[in-house]
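In what follows, a structure is listed as structure tokens, so that the remarks can point back to it.
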Amino acid sequence: MPKLIIDEREITVPEGTKVIDAAERMGIMIPRFCYHPALGAVGACRVCAVNCLDGPIKGIQMSCMIDAQDGMKVSTTDAEAVDFRKHVIEWLMLHHPHDCPVCDEGGHCLLQDLTVSGGHGVRRFQGPKRTHTDQHLGPLVRHEMNRCIQCYRCVRYYQEFTGYEDLGVMQIGSRVYYGRYRPGTLESPFSGNLIDICPTGVYTDKPSRYRGRRWDFERRPAVCLHCALGCHVTVSARYREVVRQEARFSESINGHFICDRGRYGFPYVNLPQRPRSARVDGTETGWEAALKTAGERLESVAWKTGPQGIAVVGSARCGLETQGMLKRVADAKGWQGPVLDIDPAAANVRTAVSRLDSDLQVSLREIETADCIVVVSADPLNEAPMLAPALRQARRNGARVTVIDPRPASLPFQFDHFPVAPDDLAAAMAILIRKCAEKEPLSELGKTAVRSIEAVSDGADIPDADGLAALYDDLHNSRRPVIVCGTHTAPPEIPGMAADLALLLRIAGPRAGLFYVMPGPNSFGAALLSDPAPSFGDLVSAIEKGEIKALVVAESDLFGSGIDWDRLRNAMNKLELLVTLDYIDSPTTRAAHILIPTLTSYETPSLLINNEGRVQQSPAAFRGGDPIARTGGGDHPPRAFRRDIPGREMGAAWTALLTLGGRDPGSAPVNLTAWLGEAHPALTSLPEASDFPPDGVRLPLAENAVERFQTDRFSHGEKEEDALTLLVVDRTFGTEELSSLSSILKELTPSPFIHIHPEDAAELGLSEGDAVGIDSEAGTTVLPINLTPEMARGVLVIPRRRDLDDRLPQERRTVLSKTAIRKATEDA
Amino acid sequence: MAETTDTAYPQVLFANRKLDRIAAIDDYRKNGGYEAIETVLKTFSPKDVQKLIQDSNLLGRGGAAFPAGMKLQTVADDAPFPRYIVCNADEMEPGTFKDRVLLHADPHLLIEGMLIDAYSARAEKGIVFIRPEYENAARILEREVAIAEKAGFLGKNILGSDFNFSIDVHRSGGRYICGEVTAQLNALEGKRPNPRKPPPYPTEFGLWGKPTVTQNVETLCCMPPILRNGAQWFKDLALTETGAGTKLYGISGRVKKPGCFELPMGVRLSEIIDEHAGGMAEGSEFKACLPGGASTRYLTREHYDIPMDFESLKAVGMRLGTAAIMVFDQSDCMVGVTHNLMEFFARESCGWCTPCREGIPYIKDILWRIENGLGEERFVPMLERECRHLWNAYCAFAPGAAAPLEGLLNDFQDEVLDHIREKKCPFKASV
């Protein structure tokens, strides 16, 4: 622990701390442009110069390049250092266009701040300004190269940190240029971070250009809803619209960055189609009147059929408050449910939640420190985008990353891929588990475990079994192995087997971790609070049989449940009463007899449990209401002289449910925290809203010994000879429910196609680009095919596009006979 | 330049230089070529070689004058393998052409030098990083490397020993910064040639993270004679106490006979100009010279008799650099000369750090204004400030560029002020 003196004050810092960071700990902010904690020090900009007056290093030094050492005496205010720093600013401003008044960065620009605070005001250089051509970089990022100060942050972030190569640095000397070889849309799904990381306005947020200055915005912290990771964002709202989002630092989850889906998924909040007024049988009524009618009609159904004639449904995007309230109301009223996760992956998520022990939990940031990672049945880039850069950081630190998944895996770093067909995934896991059991005495595990392990097949007949066996040795010899397991398309035994493997590794020595990838931002909460008995499929059957007459659906689109749309429509038609509470326009809100609009997590605080079991609070960012652009009658600037907020006659879904449950809206406020504690033992010690730590709290997940090594072994039966498995999978853009409503991301959403292994295609007589028809329950789907050698044989993969859901098979995993697949042109 | 040096001084590096052709392997062997490596492989340990080179006081000839033996010794005994040696033949320092002459004179001298260097660093792979304009030399080297391989001096188990060594010739992408050792490593790895910041030093963490020893062509060529004749012999070749060996002096500018001469280290500047270069050109009077390429300060009349070795120049605040002497006479405008040099440096800056990328074009612009009659008195302190701050750049490039400017401001300030007062360049005939 070196002890040094900075500006006449002593400080002791950990070994390896840079002087710039040591000073920051003391509250001394040494100027910096190129230095960034996530990208490291490179000593390019030279603006962090200090004078080392005494000690092992002397003279003018860049404080980002020198480690704090014993006996150092550093001055940040030394005249020579200050003079040099001022001169660096003068140099950087030689060619800067001084276009702050029209630059979107103005007001939160590091260059602006340091130029003003450094006192540089007069340009003494008389030469001409250097100019560059800007490039079109796609719909998200605007490029203005003239503003560049050549700090190299963008390329270091883009190439080194996230591993994409289409943006780089070209030319030398004063012609250094950052951009693409040719103008075009940036390939990285993390490109929006360029906007945050650029210390000036070279990369600005394109969708929010000219929409406001930083000080115009209501800026609040929030938690991202567009996958289960729960990354931290900062929301900027203005004129009752969410205008832009930025990454917000989180020590445990996303670090400094977020993905583009998270950054640009927000427009659903502002959409004109968003339900803003309550409707009863198609007629607008007041919010409270609609709730009253809903309550009365539900009572009447209950009177006719008994309370079991009513069921309640939520989703993985509901906050914990809403999920908890659904449970409380259902329990109190004797209604069926709640079914809180209607996603086809719900059962997998439940297994995952039950198997995640406190000693196995790892955070997203902890994955960066792992040295051997096995990703099973997950597609990080598409299912939880920020997992991909976390895996890349582990890889950069020397970790081995292996993906065992049938899909054509793509990750921005070097990794091993075992393209194992879905039916063989269990056998592949069995190889690893058996190897583990071979090496370790099983006696410690007890009889159940031994039986369980012995029951798994030896998996010897799957392709590259030897490679998997060798992978086990790497896992066993690693210091910190992590098993990442998907739930979206995984066969039902995989989440449990992943936990078995992690536990066995832990017994064998290494500090093994387990990380589940889940579909929704609150899948975890849904799994904790759901009534385990009926699945959503069971509810639909009960509706078809006439046993359920009324459905209360909170913030959930039933048409994303994997159930065939025609069947679902027929079932809906049989309902006497459909009460839908939601903030998006969906087939379910359109089918509702009573529609209750609700507030989004931007407008009301919500608690969310991420995939790791971390409860986080997303505070309200603004008060909501109809965007002024639509209510101001075209005024410029928009004015609205009224006392209320139009389009805000609504509350959070949980308050509506409280009323539906029979509580008088005027009665005393409820203690939600206490109620959540009553709903599930894991939620008993949640902090009060005002005390919520920035990175949330990890749920205390007791070691659930009963569940250990009891993974159900599903028999897949004999493999059908002439069958193919069709997987409908997530894409980074276009699949997730809320972000698929984003107009900003439309351009980045690829048109749908079918991935097929070239050898399978050859057997079926298909070639690249052929339009292929697939017959399934949903009818015939016709899509072009894409020959992809890096995937499992016997599998068809269709990336799911939510807006085209009605054209695609609803089930995520279906077995098709080869005769169901044919060239569509033959029909024509 | 076409003729061999007509001098009584011993010719060590140019011993086999022919008037009309490149020395072949037989010419080289006839004069004791490849004897050194044979002796080394039989009787020397790598440490012995390092010590001998260290004792010979051989200083790096690329311009930085780092002791070659010491560089070899910084490769730790337990350093990982494979290790690399790189021959820096990216000769781009303005005015410098000695390596080119050497490569065309006696390629096997370099190959044997690399063998010795590699043996003492226990490296199995050598790379000649060569300037693309030296395509001829690159082809000659490739041809002669193949010949040496056939003769058993390169390849596996060289001369029956367990020493393996091979040489690749790599053409540079063609920028000045690629001559900087660490930038060169990045270039070889296929990356953008921005310099790296030591520590770790390349001898510890070089090419692809492995120990790498980079030496200049001339430095490597000194090694076989040292191994053959001993350290003391090499030291005795110099005329000064502090110097060692012979040196290739390249002289250009206002002299009668420009060329590249092998002379003892420490020969006086006056002797180089007056005797070897045939004296100043007709009607020319010595005004100043750059003693060792563009990155050195001007040497003025008062130092006309200075012994040209590293230490003597250092004693008066100068650098011998690459010993590429560019001579200016009374008709040369030093502002114009310096502006010309700045144009080169501004063009060749890699663009990594702010002082170099922005500071040098800044200086260039001011000098252009002064030279073209747009000068102002306030420009002088501005230039001084630029000069001072260039020293805080990332690598040695910007301080090198500052050297001639420092010379201009110190030794020719009157000339600068004349430009400003007269609002024109006094050396140009008025139009």
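Across the stretch A:46-175, what fraction of all alpha-carbon pairs, as a whole percent, falls in each successive 5 Å bin from zero upward?
Going out from 0 Å in 5 Å bins, the stretch A:46-175 shows 2, 8, 15, 17, 17, 16, 12, 8, 4, 1, 0 percent.
Counting only C-alpha contacts under 8 Å and six or more residues apart, can you give the relative contact order of chain B as a whole percent?
Relative contact order here is 16 percent.
Under the Kirkwood approximation for Rh and a Cα-based Rg, what ratio Rg/Rh is obtained for chain B?
Computed over Cα atoms, the ratio is 0.99.
Which of the lysines could a cross-linker span from A:Lys58 if the Cα-Cα distance has to be under 26 Å and same-chain partners fewer than 8 positions apart are dropped?
Reachable lysines: A:Lys3, A:Lys18, A:Lys73, A:Lys86, B:Lys71, B:Lys197, B:Lys314.
Kindly give the semi-axes, whole Å and largest first, of the ellipsoid equivalent to the stretch B:334-422, taking each as the square root of 5 times a Cα gyration tensor eigenvalue.
So the three semi-axes of the stretch B:334-422 are 22, 12, 11 Å.
Based on the alpha carbon coordinates of the stretch B:199-325, what radius of gyration and maximum Cα-Cα distance (Dmax) apply, in Å?
When restricted to Cα atoms, the stretch B:199-325 yields Rg and Dmax of 16.7, 56 Å.
Provide, for q = 0.15, 0.21 Å⁻¹, the log10 of I(q)/I(0) from a solvent-free Debye sum over equal Cα point scatterers in the stretch A:3-93.
Results for the stretch A:3-93 at q = 0.15, 0.21 Å⁻¹ read -0.49, -0.97.
Which angle from 0 to 90°, rounded to the nearest 10, does the C-alpha axis of helix A:320-333 make with the longest principal axis of chain A?
Helix A:320-333 sits roughly 20 degrees off the main axis of chain A.
Using θ = phi - 60° and the Karplus relation 6.51 cos²θ - 1.76 cosθ + 1.60, list the HN-Hα couplings for the stretch A:395-407 in order, rounded to whole Hz, with x at every Gly or Pro.
Result, rounded to whole Hz: 4, 5, 7, x, 6, 9, 10, 10, 10, 10, 6, x, 6.
Can you give the local net charge around A:Pro481? Use residues other than it whose beta-carbon is closer than 10 angstrom to its beta-carbon, Lys and Arg +1, Asp and Glu -1.
Taking every Cβ under 10 Å from that of A:Pro481, the sum is +3.
Give me the extension gain from A:Ile5 to A:Arg569: residue separation times 0.36 nm, minus the current Cα-Cα distance, reported in nm with one decimal.
Separation in residues times 0.36 nm, less the Cα-Cα distance, equals 195.8 nm.
Compute the helix-to-body angle for A:494-508: its Cα long axis versus the longest principal axis of chain A, expressed 0 to 90° and rounded to tens.
With both axes taken from Cα atoms, the answer is about 60 degrees.
Helix A:425-439 sits at what angle to the longest principal axis of chain A, using alpha carbons and giving 0 to 90 degrees rounded to 10?
70
Taking all pairs of different Cα atoms in the stretch B:1-148, averaging 1/r and flipping that mean, what Kirkwood radius in angstroms comes out?
That comes to 16.5 Å for the stretch B:1-148.
Please compute the average number of Cβ atoms from other chains found within 10 Å of each residue's Cβ in peptide B:354-367.
6
Using the scaling law 2.2 N^0.38 Å as the reference, what is the normalised Cα Rg of the protein assembly as shown?
1.13
Pull up all non-local amide H partners of A:Tyr516: gap of 5 or more, or a different chain, and H-to-H distance under 5 Å with H placed in the peptide plane.
A:Cys485
Counting only DSSP beta bridges with both residues in the stretch B:25-236, tell me the antiparallel percent, nearest 5.
Expressed as a percentage, antiparallel bridges in the stretch B:25-236 total about 10.
Which FRET efficiency value, to the nearest 0.05, is calculated for A:Ile645 and A:Ser685 with the Förster distance at 56 angstrom and r the Cβ-Cβ distance?
Efficiency for this residue pair is about 0.95.
R0 = 25 Å: FRET efficiency of B:Lys18 with B:Asp168, Cβ-based, nearest 0.05?
0.40
Under a point spin-label approximation (7 Å from Cα along Cα-to-Cβ), what is the A:Glu777-B:Arg143 distance to one decimal in nm?
Inter-label distance under the simple model: 7.8 nm.
Residue farthest toward the positive end of the dipole of the protein assembly as shown, with Cβ of Lys/Arg at +1 and Asp/Glu at -1: which of A:His417, B:Tyr28, B:Tyr298?
B:Tyr298
So if I place +1 on the C-beta of Lys and Arg and -1 on the C-beta of Asp and Glu, and nothing else carries charge, what would the dipole magnitude of the stretch B:1-145 be about its Cα centre? I want it in debye, nearest 20.
The calculated dipole for the stretch B:1-145 is roughly 180 debye.
Can you list the aspartates and glutamates whose alpha carbon is less than 13 Å from that of A:Lys574, not counting same-chain residues fewer than 8 positions off?
Partners within reach: A:Glu544, A:Glu547, A:Asp566.
Using a cut-off of 19 Å between alpha-carbon atoms, which aspartates and glutamates can reach B:Lys424, once sequence neighbours fewer than 8 places away in the same chain are excluded?
Hits, sequence-local ones excluded: B:Asp332, B:Asp365, B:Glu371, B:Glu376, B:Glu377, B:Asp414, B:Glu415.
Could you compute the net charge surrounding B:Gly69? Neighbours are other residues with a C-beta less than 13 Å from the C-beta of B:Gly69; K and R count +1, D and E count -1.
+1
Go through A:Val269, A:Ala778, B:Pro426 and say which Cα lies farthest out towards the positive end of the charge dipole of the protein assembly as shown; charges sit on Cβ, +1 for Lys and Arg, -1 for Asp and Glu.
Among A:Val269, A:Ala778, B:Pro426, the one farthest towards the positive end of the dipole of the protein assembly as shown is B:Pro426.
How much net charge surrounds B:Pro381 when only the other residues with a Cβ under 12 Å from the Cβ of B:Pro381 are counted, with Lys and Arg +1 and Asp and Glu -1?
Value of the local net charge: 0.
Which one of B:Phe412, B:Phe397, B:Phe379 has its Cα pushed farthest toward the positive end of the charge dipole of the stretch B:334-422, where Lys and Arg give +1 and Asp and Glu give -1 at the Cβ?
B:Phe397
Would the stretch B:272-312 count as rounded, prolate or oblate if I go by the C-alpha gyration tensor, calling it rounded below 1.5 in a/c and otherwise prolate when a/b exceeds b/c, oblate otherwise?
prolate
Report the normalised scattering of the stretch B:25-236 as log10 I(q)/I(0) at q = 0.09, 0.16 Å⁻¹, calculated by the Debye formula with identical scatterers on the alpha carbons.
Relative scattering, expressed as log10 I(q)/I(0), comes to -0.30, -1.04.
About its Cα centre, what dipole magnitude does the protein assembly as shown give when the only charges are +1 on Lys and Arg Cβ and -1 on Asp and Glu Cβ, stated in debye to the nearest 20?
Charge dipole, the protein assembly as shown, about its Cα centre: 2380 debye, nearest 20.
Treat every Asp and Glu Cβ in the stretch A:23-161 as -1 and every Lys and Arg Cβ as +1, leave all other atoms uncharged, and give the resulting dipole magnitude about the Cα centre to the nearest 20 debye.
Around 280 debye, computed over the stretch A:23-161.
Apply 1/(1 + (r/R0)^6) to the Cβ-Cβ distance of B:Asn340 and B:Ala396, taking R0 = 25 Å, and write down the FRET efficiency to the nearest 0.05.
0.75
Averaged over peptide A:165-178, how many Cβ atoms belonging to another chain are found within 10 Å of each residue's Cβ?
4
Output wanted: per-residue J couplings in Hz (rounded whole) for the stretch B:71-84, from phi through Karplus 6.51 cos²θ - 1.76 cosθ + 1.60, θ = phi - 60°, x for Gly and Pro.
4, 5, 5, 6, 7, 5, 4, 9, 5, x, 10, x, 10, 10
With a ≥ b ≥ c taken as the square roots of the eigenvalues of the C-alpha gyration tensor of the stretch B:38-110, please select rounded if a/c is under 1.5 and otherwise prolate if a/b is larger than b/c or oblate if it is not?
Prolate.
Working only with C-alpha atoms, what are the Rg and Dmax values of the stretch A:723-826, expressed in angstrom?
13.5, 40
With a 10 Å Cβ neighbour count serving as the proxy for reagent exposure, in which order, fewest first, do A:Val782, A:Val540, A:Val579, A:Val82 appear?
With the fewest neighbours first, A:Val782, A:Val540, A:Val579, A:Val82 line up as A:Val782, A:Val82, A:Val540, A:Val579.
Based on the mean of other beta carbon atoms within 10 Å per residue, what is the order of A:338-345, A:324-331, most packed first?
Those peptides, ordered most packed to least, come out A:338-345, A:324-331.
Given H placed on each backbone N at 1.01 Å, which residues far from A:Asp405 in sequence or on other chains put an amide H within less than 5 Å of it?
It is A:Ser377, A:Phe418, A:Val420, by chain and number.
Quote the relative contact order of the stretch A:723-826 in percent (integer), defining contacts as alpha-carbon pairs under 8 Å separated by 6+ residues.
Reported as a whole number, the value is 44 percent.
Which residue, B:Pro264, B:Pro199, B:Pro132, tops the fluctuation ranking in a GNM of chain B built on C-alpha contacts under 10 Å?
The residue that fluctuates most here is B:Pro199.
Calculate the translational D of the stretch B:207-267 in whole µm² s⁻¹ from Stokes-Einstein, where the hydrodynamic radius comes from the Kirkwood formula applied to all Cα pairs, the temperature is 37 °C and the viscosity 0.692 mPa s.
The calculation lands on 242 µm²/s.
Would you compute the Debye intensity of the stretch B:12-72 from its alpha-carbon atoms alone, equal scatterers and no solvent, and pass along log10 I(q)/I(0) at q = 0.15, 0.17, 0.19, 0.26 Å⁻¹ to two decimals?
Ignoring solvent entirely, the Cα scatterers give -0.65, -0.79, -0.90, -1.01.
Take peptide A:88-101, look around each residue's Cβ out to 10 angstrom, count Cβ atoms belonging to other protein chains, and average those counts.
Going residue by residue through A:88-101 and averaging, the value is 3.
Just so you know, all these numbers are worked out from the coordinates, no wet-lab data involved. Please read these numbers as outputs of a predicted model, since none were measured by experiment. As a convention, Cβ positions derive from the backbone with ideal geometry for all residues, glycine included, and neighbour counts pool all protein chains shown.
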